[in-house]
Amino acid sequence: MSDGKAVADHLIKAKRLNALLTPPKELRKSLQAQAAAARPTGVLYGMPVAVKDNICTLEFTTTCGSRILEGYRSPYEATVVAKLKAAGALIAGKTNCDEFAMGSSTEHSAYGRVFHPLDKARVPGGSSGGSAALVGAGAVPAALGSDTGGSVRQPASFCGVVGIKPTYGRVSRYGLVAFGSSLDQIGVFGRSVHDAARVLSVISGRDPRDATCEDRDSLRLPTVPESLQGFVIGLPREYFPPELDPAVRRACDRAVRLMKELGAAVREVSLPHTPYAVPAYYVIAPAEASSNLARFDGVRYGPRFDGAADLRGLYRSTRGQGFGPEVRRRILVGTYVLSSGYYDAYYRRAQQMRALIAQDFRNVFDRGVDLLFTPTTPTPAFKAGEKLADPVAMYVSDIFTVTANLAGLPAISVPIGRAKGLPIGGQLIGQAFLEDEMLEAAYAVERVVPATDEA
Amino acid sequence: MSVTRDDVLRIAQLAELDVDEDTLPALAEQMSRILDYVAQLSAVPASEALRPYVPGPDAIRFRPDEVSPWPLATAPEEFAPAFKDGFFVVPKLGQFDDPAPADL
């Protein structure tokens, strides 16, 4: 596994997906050097891990899928990357993503869209679509992504792989280019629950360089359980609406039946404020993004689009030409909801809704429910271009994933079947910092649910 | 909620963002749709006393008050125009004097 050239050649075979932004020559050279330097005693020795392009690396450029950071090389690396290297893993290039992680289809990258590994007419999901597609195609066993509203779990579901969003504060975000600071978490894709969990265990834990990272030890890997005896699993009725895709419903029903057979107690619960999660998210996330992206102005990072008469003209032309349409749209919406006269009506309201959504989860967990089980997405992977003209239609596809970000909870997507060959994901949402419980249940689901059978 | 062309221009100015004249109508239409969609939040009665929720630690944690600078990611000699024996090399003070009128 520690043959850098072989790892690179294997990755380059997946070129047709447009999932990797690192040029083949550079990838080969770096992987050979990394393999030669990797610590043989590390727990991830020789394991190639591809990294989403909004996570800073010293080896490769960090562009966030944007023109405004074209060719940008970070002078430091993210804590997660340093931890992976210290564990002997190989950083297997940077993966294509929606620009600044804004999108649900990886069609909003300045470097072209990413193709679904099983059907090139479809999207791999987003925004971490490049990472998901590479793992789905078997090019790497694991990859890092970031999850602000579902950007790890949704593409994991579309590509038939495992995707984990840890609890807010479980993993250091030092070196992650900020999008929505109260929502962002670095997450992991894996071929299996075990591969993803191993990587999560390595990257988790305290970091003095990130004040929002909790002062906790790294996650201990749970053992694979014999049964689900003693687990109480809640099915929130708002996540199974009548319009849910029939194949997705059948796959969930089958997974629930199999969890019951393993001894889990399953009960229906309610999270009544769920319908307001997407509207709240699309106020809070753009508001935070408009502030976080103010730093990209052509002065400090990336290329400068010049020709302006004065400094403000320079900012405006650089930002106007450097950002793509979806990022521009979100910056404008974010600026609007934060502007004087609208702040109370939108931003404050959304933050209050967030409190109600978090309270919904607390109520359910306080009544003895250990975990929630839901579909990860309302449908399997959709066709490229299908939702591009209508931003709201694209936003609504995040309906089952944004709640965990708003409440800061851990969640995992596990493949639970296929619909006409396209993967379907089931989501387990856990309690804050109880990833071990969530992973135990995910191991069990993975073991008994036929992931590649038609639902 | 209908966003006008002028609203978009005003917001774009606040956001320090050039917007193409041709894209203005579509942008105004899309922003109106997005803002209409999120406006459903106002349908839920929310008590004024409800505190906004943000996950994470309840308070900012303090580090021990010790001086322990992290090494610079880029060494000074790499970004300084001139660097010698651990010092930045700058022009002699006299060279900063105003140029004589004859030089202008």
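Only the coordinates and a few stated rules stand behind these numbers; no lab work does. All values derive from a computational prediction rather than experimental measurement. Glycine gets a Cβ as well: all are built from the backbone with ideal geometry, and neighbour counts include every protein chain shown.
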Dipole of the protein assembly as shown, positive direction: furthest Cα of A:L144, A:G175, B:A43, with charges on the beta-carbon:
A:L144
The Cα radius of gyration of chain A, divided by 2.2 N^0.38 Å with N its residue count, comes to 0.92
Note to self, the protein assembly as shown gives a 222 nm [θ] from helices alone (DSSP H runs n ≥ 4, -39500 (n - 2.57) apiece, / all residues, nearest 500) of -10000 deg cm²/dmol
Residue by residue through A:317-330, how many Cβ atoms from other chains fall within 10 Å of the Cβ on average?
3
Tell me the Rg and the Dmax, in Å, that the Cα atoms of region A:331-455 produce.
17.7, 54
Please report the equivalent ellipsoid semi-axes of region A:252-386, computed as sqrt(5 x eigenvalue) of the Cα gyration tensor, largest first, in whole Å.
42, 20, 12
Kirkwood hydrodynamic radius for region A:25-122: how many Å is it when counted over pairs of different Cα atoms?
14.3
Average other protein chain Cβ within 10 Å of Cβ, residues A:339-352:
4
Just to be sure I understand the curve: with the Debye formula and one point per C-alpha of region A:144-293, what is log10 I(q)/I(0) at q = 0.20 Å⁻¹?
-1.41
Collect residues whose amide H, placed 1.01 Å from N in the peptide plane, falls under 5 Å from the amide H of A:V269; neighbours closer than 5 in sequence don't count.
A:L235, A:R237
Highest mean first, how do A:41-52, A:322-333, A:146-157 rank when packing is the count of other Cβ atoms within 10 Å averaged over residues?
A:146-157, A:322-333, A:41-52
Given the peptides A:306-314, B:62-70, A:61-69, arrange them by the average over their residues of other C-beta atoms within 10 Å, most packed first.
A:61-69, A:306-314, B:62-70
Could you give the semi-axes, largest first, of the ellipsoid that matches chain B, computed as the square roots of 5 times the alpha carbon gyration tensor eigenvalues and rounded to whole Å?
51, 32, 14
Residue-ordered couplings for region A:438-450, obtained by feeding phi - 60° into the Karplus form 6.51 cos²θ - 1.76 cosθ + 1.60 and rounding to whole Hz (Gly and Pro as x), are 4, 5, 4, 5, 5, 4, 5, 4, 4, 6, 9, 8, x
Would you mind telling me the antiparallel percentage of the DSSP bridges in chain A, rounded to 5?
65
Descending Cα extents along the principal axes, region A:73-176, whole Å
38, 29, 25
Calculate the mean, over all residues of peptide A:210-218, of how many other protein chain Cβ atoms lie within 10 angstrom of the residue's Cβ.
2
